[in-house]
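Visitor: One structure follows; several queries about it will come next.
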Amino acid sequence: MKTFKMTSVAVAALFACAPSVHAACTPEDPDSGDAVTCLATDSDGFKSGKKRLTVTVASGAEVQSDAGKDAIKLQDDDNTIVNIGTIDGDDEAIVGGDGLSVINTGLIRGGDKAIVGENEDDERAANMTILNSVGASIIATGDDAIKGAENLSVTNHGLISAGDKGIQAEDETDTKTRVIVVNSTTGEIRTVDESIEGGDDSVITNLGLITSSEDDALDLGERAVIKNYGTIRNTGGAQDAMDLDSAVITNFAGGLIESLSDGAIDFDESATESRITNHGVIRGLTYGVLVESDPAEGANTAAQIIENAGLIEGGTHALFLGAGEDSYRHQSGATLRGATDFGADNDSFYFEDVLSGVVAGGAVMAGGAGEDVMSFLAYSLADLTDVVKNAGVTSLFFGAGQVNVTGWESFTFADQTVTAGDLTAPMAPVPLPAAGWLVLAGLGALAGMRRFG
Ligand SMILES: [Ca+2]
Ligand SMILES: [Ca+2]
Ligand SMILES: [Ca+2]
Ligand SMILES: [Ca+2]
């Protein structure tokens, strides 16, 4: 991020010395590197083709635009806009070039877009840096709030809201590009379409709220790095909280990744491995974590490696992982709600701790095609109290613990591995005569009796 070249003391001094009737933004025709200060209401906007300007809109000042025009337009390189007042464009509030830096503690509002990177060659500007402070707002009523190309970097402590997309990184050929966003505990990004849309190698850190009412909250490409301590949510439009190709996602305790209309985390076509570490909640109306499995749509053939110490929930499937050698570790205290389907290829499922009750409410965990292995790391084979096979589904009981599985070719315990075919009840139960059961029940002994004890 570039350094704000004018201190707040200097701004205050300029403001104090300025007569109230002073031309709003001066000098009107600066040289490259000059400081431009807007101290009152400028009704027809400010425009310059110079480089390295620092344009400061003082507290109480407002830069407006003519009808259909932009409020501040600086299309050459490395300009800085410091807004302590209001920048209000009928079309865009700010159009800036490569290396534009915007520091906003006031209001930036565009009737179309709020901040757009577009250089003097009409290419989408790269390396833009936007800082939106606590209490500050960047609002686009018609279209995207912030739009730039490669390495668009946004740090948000205030409000970013958009009638279309919140933050979009895309070049002039409509190729999505890298975006870096930090949304702090006070940060809110509220949009109708995608909240953040970008290309490969994007990095998103969220401690606040990112929410889209009709599209994906995050829509990114390959190798996204996402750290979530806050809420990332889709609320409508049959879309996802996250729509990605591949990613490393860490959802920390208290973090919520949620779709009220479709999947929480959706992986599109990719051959690149993804990792999810979850200590919070990942919850989708339809799916918790899913991959595209239809070749006609471009199937995801990669491994998804998931460690869950929190909650993963989906109305249809908690996990639907498709092709690739997928792996899921159910850590101590973890919860699954919904079925799981590990799809094609050799997949792995690890229960790291003892089971507490019926896993996933009894929903079936499918290994799918391939040689799939389910592991019970806290149990020996002798801890298995019953095996019930019914209509292709095998129910494994460890006392009160139960899992319902299908399509897993082998099961590993702490002491040994057995194939699905060899998995039977550890020993045939010794039948008691009916009278014996009644006597035992009458003595209150049945509840404490282990079937194979
Ligand atoms: Ca997969
Ligand atoms: Ca698989
Ligand atoms: Ca499989
Ligand atoms: Ca299988």
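Visitor: Going through the stretch 189-201 one residue at a time, which ones are outside any loop (DSSP other than H, G, I, E, B) and either at pLDDT below 95 or crowded, with 21+ Cβ neighbours inside 10 Å (or both)?
Guide: Listed by number, the residues that qualify are Ile189, Thr191, Ile196, Glu197.
Visitor: Tell me whether the stretch 208-218 contains one or more residues that are part of a strand (DSSP E or B) and of a type in the set (Asp, Glu).
Guide: To start, the set of residues in the stretch 208-218 that are part of a strand (DSSP E or B) comprises 209-212, 218.
With the extra rule that they be of a type in the set (Asp, Glu), the set shrinks to none.
Checked against the condition, which is being part of a strand (DSSP E or B) and of a type in the set (Asp, Glu), the stretch 208-218 yields no hits at all.
Visitor: Identify the single condition in (1) away from ligand 2 (no atom under 16 Å from the Cβ); (2) touching a Ser or Thr at 6+ places or on another chain (Cβ under 6 Å) that Gln416 does not satisfy, given that it satisfies every other one.
Guide: For Gln416, the failing item is (2).
Visitor: Do we find a residue being more than 19 Å from the chain's Cα centre (by Cα), modelled with pLDDT of 95 or more, under 20 Å from Arg283 (Cβ atoms) and within 16 Å of ligand 3 (Cβ to nearest atom) anywhere in the stretch 331-339?
Guide: Yes - at least one qualifying residue is present in the stretch 331-339.
Visitor: Suppose the filter is within 15 Å of ligand 2 (Cβ to nearest atom) and among the β-branched types (Val, Ile, Thr); does Val364 pass it? Can you show your working first?
Guide: Numbers: within 15 Å of ligand 2 (Cβ to nearest atom): no; among the β-branched types (Val, Ile, Thr): yes.
In short, no.
Visitor: Quick check on Val134: is it in a strand (DSSP E or B) and not acidic (Asp, Glu)?
Guide: Numbers: in a strand (DSSP E or B): no; not acidic (Asp, Glu): yes.
Considered against the rule, which asks whether it is in a strand (DSSP E or B) and not acidic (Asp, Glu), Val134 comes out as no.
Visitor: Right, another one. Confirm whether Thr316 is closer than 15 Å to Val289 by Cα, hydroxyl-bearing (Ser, Thr, Tyr) and more than 16 Å from ligand 4 (Cβ to nearest atom). It would help to see each step written out before you state the result.
Guide: Details: closer than 15 Å to Val289 by Cα: yes; hydroxyl-bearing (Ser, Thr, Tyr): yes; more than 16 Å from ligand 4 (Cβ to nearest atom): yes.
Answer is yes for this residue.
Visitor: While we're here: Could you tell me whether the stretch 65-80 includes any residue that is among the small types (Gly, Ala, Ser), more than 22 Å from Ala126 (Cβ to Cβ) and in contact (Cβ under 8 Å) with a residue 40 or more places away in the chain?
Guide: no
Visitor: Considering only the stretch 368-380, state which residues are away from ligand 1 (no atom under 16 Å from the Cβ) and closer than 13 Å to Ala420 by Cα.
Guide: Residues satisfying the conditions are Met374, Ser375.
Visitor: A further question follows. Restricting the search to the stretch 327-349, which residues are within 16 Å of ligand 2 (Cβ to nearest atom), farther than 19 Å from Tyr379 by Cα and of a type outside the set (Ser, Thr, Tyr)?
Guide: Ala339, Asp341, Phe342, Gly343, Ala344, Asp345, Asn346, Asp347
Visitor: Okay, next question. If you take just the strands (runs of 3 or more DSSP E) that sit entirely in the stretch 302-363, which of them hold at least 2 residues that are under 21 Å from Ser270 (Cα atoms)?
Guide: Of the strands (runs of 3 or more DSSP E) lying wholly inside the stretch 302-363, those with at least 2 residues that are under 21 Å from Ser270 (Cα atoms) span 304-308, 311-320, 327-330, 335-341.
Visitor: Another question, then. On the basis of being among the polar types (S, T, N, Q) and out of contact with any Lys or Arg (no Cβ under 6 Å at 6 or more places or on another chain), does Asn151 make the cut?
Guide: no
Visitor: Select the strands (runs of 3 or more DSSP E) contained entirely in the stretch 223-267, then report the ones holding at least 1 residues which are at pLDDT 95 or above, among the hydroxyl-bearing types (Ser, Thr, Tyr) and surrounded by fewer than 24 Cβ atoms within 10 Å (Cβ to Cβ). Can you show your working first?
Guide: Working: elements: 224-228, 231-234, 242-244, 247-251, 256-259, 265-267.
Result: 231-234, 247-251.
Conditions (1) surrounded by fewer than 20 Cβ atoms within 10 Å (Cβ to Cβ); (2) without any contact (Cβ under 8 Å) to a residue 40 or more places away in the chain, marked per residue:
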residue: Ile108; (1), (2): no, yes
residue: Ala126; (1), (2): no, no
residue: Val134; (1), (2): yes, no
residue: Ile139; (1), (2): yes, yes
residue: Gly142; (1), (2): yes, yes
residue: Ile146; (1), (2): no, yes
residue: Asn151; (1), (2): yes, yes
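Visitor: Considering the stretch 379-403 alone, what residues qualify as being farther than 16 Å from Gly362 by Cβ, crowded, with 16+ Cβ neighbours inside 10 Å and of a type outside the set (Ser, Thr, Tyr)?
Guide: The answer is Leu381, Asp383, Leu384.
Visitor: I've got another one for you. Within the stretch 375-392, which residues are touching a residue at least 12 places away in the same chain (Cβ under 8 Å) and among the charged types (D, E, K, R)?
Guide: Answer for the stretch 375-392, where residues must be touching a residue at least 12 places away in the same chain (Cβ under 8 Å) and among the charged types (D, E, K, R): Asp383, Asp386.
Visitor: Another one. Looking at Ser375, is it under 32 Å from the mean Cα position of the chain (by Cα) and modelled with pLDDT under 95? Talk me through it step by step, then tell me what you get.
Guide: On the way: under 32 Å from the mean Cα position of the chain (by Cα): yes; modelled with pLDDT under 95: no.
Spelling it out, it is not the case that Ser375 is under 32 Å from the mean Cα position of the chain (by Cα) and modelled with pLDDT under 95.
Visitor: With the checklist (1) within 13 Å of the chain's Cα centre (by Cα); (2) without any contact (Cβ under 8 Å) to a residue 40 or more places away in the chain; (3) assigned to a loop (DSSP other than H, G, I, E, B) in hand, flag the one item Ile204 doesn't pass.
Guide: Going through (1) within 13 Å of the chain's Cα centre (by Cα); (2) without any contact (Cβ under 8 Å) to a residue 40 or more places away in the chain; (3) assigned to a loop (DSSP other than H, G, I, E, B) one by one, Ile204 breaks only (3).
Visitor: Sticking with this structure for a sec: Determine whether Ala169 is over 30 Å from Ala323 (Cβ atoms) and either among the hydroxyl-bearing types (Ser, Thr, Tyr) or surrounded by 23 or more Cβ atoms within 10 Å (Cβ to Cβ) (or both). Show your work before the answer.
Guide: Values: over 30 Å from Ala323 (Cβ atoms): no; either among the hydroxyl-bearing types (Ser, Thr, Tyr) or surrounded by 23 or more Cβ atoms within 10 Å (Cβ to Cβ) (or both): yes.
Considered against the rule, which asks whether it is over 30 Å from Ala323 (Cβ atoms) and either among the hydroxyl-bearing types (Ser, Thr, Tyr) or surrounded by 23 or more Cβ atoms within 10 Å (Cβ to Cβ) (or both), Ala169 comes out as no.
The values are calculated or read from the model by the stated rules, or taken from the named source; none is laboratory data. Treat the numbers as computed from the prediction; the structure is a model and nothing was measured. All Cβ positions, even for glycine, are placed from backbone atoms using ideal geometry, and neighbour counts span all protein chains on display.
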